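Q: The following block contains the structure, expressed as structure tokens.
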Amino acid sequence: MDIWDKKKRSEVMSHIRSKDTKPERILRSALHKRGYRFRIHRKDLPGKPDIVLPKYQTVIFVHGCFWHYHADCREGRIPHTNTKFWKEKLSKTVNRDKEHQKVLQEIGWKVMVFWECEVENKLQEVLKVVDKNLKKTEITSQTLPL
């Protein structure tokens with residue numbers, strides 16, 4: 001049973017953002033402070049990635065643990081009410097995410113995915129992963145013959 005009536009639940013759900021979420025803003029700020037320059041939500045790329053680093057041919061998605069069904073997380077669970085609806089909805093989201101990532105890789109983009117809980121609780125580790133992956137790309141591009 002839901003703790004709110006339908007009207008209140010609808011109001012609460014309507015305030016949930018699909019872009020410029022707190023975890024996205026945290027990661028973008030940290031990346032900018034490290035000197036990375038990027039674009040956000042490019043509509044011409046599959047899935048409208050949260051962060052696009054054109055110099056590195058890399059995109060970053062910051063997935064919400066609930067909305068993208070982070071199975072290893074406390075927040076990534078199926079609600080107890082309207083279970084059939086939520087299983088179907090979250091399953092479609094996960095499949096769509098995989099398809100977008102596959103297409104991006106096929107057209108030559110490197111894809112990184114970070115979870116909301118990782119960005120909020122382990123930001124330094126996330127930044128180390130980004131640094132490691134982007135530095136490899138930078139070194140590789142410098143060693144290619146012209």
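The values are calculated or read from the model by the stated rules, or taken from the named source; none is laboratory data. All of these numbers come straight from a predicted model, not from anything done at the bench. Positions of Cβ are backbone-derived with ideal geometry, glycine not excepted, and every protein chain shown enters the neighbour counts.
Q: So V62 ticks every box in (1) more than 23 Å from L127 (Cα to Cα); (2) in contact with a strand residue (DSSP E or B) (Cβ under 9 Å, 6 or more places away or on another chain) but one. Which box is left unticked?
A: Of the numbered conditions (1) more than 23 Å from L127 (Cα to Cα); (2) in contact with a strand residue (DSSP E or B) (Cβ under 9 Å, 6 or more places away or on another chain), the odd one out for V62 is (1).
Q: Name the one entry in T21, T58 that is surrounded by 16 or more Cβ atoms within 10 Å (Cβ to Cβ), β-branched (V, I, T) and touching a Ser or Thr at 6+ places or on another chain (Cβ under 7 Å). First the steps, then the outcome.
A: Numbers: T21 fails: touching a Ser or Thr at 6+ places or on another chain (Cβ under 7 Å).
T58 is the lone residue from the list that is surrounded by 16 or more Cβ atoms within 10 Å (Cβ to Cβ), β-branched (V, I, T) and touching a Ser or Thr at 6+ places or on another chain (Cβ under 7 Å).
Q: K132 - would you say it is surrounded by 11 or more Cβ atoms within 10 Å (Cβ to Cβ), free of Cβ contacts under 8 Å to residues at least 12 places away in the same chain and over 30 Å from D2 (Cα atoms)? Give the steps one after another, and end with the answer.
A: Working: surrounded by 11 or more Cβ atoms within 10 Å (Cβ to Cβ): no; free of Cβ contacts under 8 Å to residues at least 12 places away in the same chain: yes; over 30 Å from D2 (Cα atoms): yes.
Against the criterion (surrounded by 11 or more Cβ atoms within 10 Å (Cβ to Cβ), free of Cβ contacts under 8 Å to residues at least 12 places away in the same chain and over 30 Å from D2 (Cα atoms)), K132 does not qualify.
Q: Then there is this: Test T58 against the stated conditions and say whether it is in contact (Cβ under 8 Å) with a residue 60 or more places away in the chain, of a type in the set (S, T, N, Q) and within 22 Å of D2 (Cβ to Cβ). Walk me through it before giving the result.
A: Numbers: in contact (Cβ under 8 Å) with a residue 60 or more places away in the chain: yes; of a type in the set (S, T, N, Q): yes; within 22 Å of D2 (Cβ to Cβ): no.
For T58, the condition - in contact (Cβ under 8 Å) with a residue 60 or more places away in the chain, of a type in the set (S, T, N, Q) and within 22 Å of D2 (Cβ to Cβ) - is not met.
Q: Within 16 Å of the chain's Cα centre (by Cα) and either at pLDDT below 95 or part of a helix (DSSP H, G or I) (or both): is that true of V119 in this structure?
A: Values: within 16 Å of the chain's Cα centre (by Cα): yes; either at pLDDT below 95 or part of a helix (DSSP H, G or I) (or both): yes.
Yes, satisfied.
Q: Taking into account only those residues within segment 86-121 that are among the β-branched types (V, I, T) and closer than 21 Å to P23 by Cα, which is surrounded by the most Cβ atoms within 10 Å (Cβ to Cβ)? Let's see the steps before the verdict.
A: At the first step, the residues of segment 86-121 found to be among the β-branched types (V, I, T) are 93-94, 103, 107, 111, 113, 119.
This time we only want the ones that are closer than 21 Å to P23 by Cα, so: 93-94, 111, 113, 119.
Details: T93: 15, V94: 15, V111: 16, V113: 15, V119: 22.
Looking at residues that are among the β-branched types (V, I, T) and closer than 21 Å to P23 by Cα, I get V119.
Q: Pairs only if they're at least six apart or on different chains, beta carbon under 6 angstrom, first in segment 69-85 and under 23 Å from C117 (Cα atoms) and surrounded by 14 or more Cβ atoms within 10 Å (Cβ to Cβ), second at pLDDT 85 or above and of a type in the set (F, W, Y); list them, first residue then second.
A: So the pair list comes out as H70/W115; G76/Y69; I78/W86.
Q: Being modelled with pLDDT under 95 and not aromatic (F, W, Y) narrows it down to one residue among H41, H32; which is it? Steps first, answer last, please.
A: Working: H32 fails: modelled with pLDDT under 95.
Answer to the check: H41.
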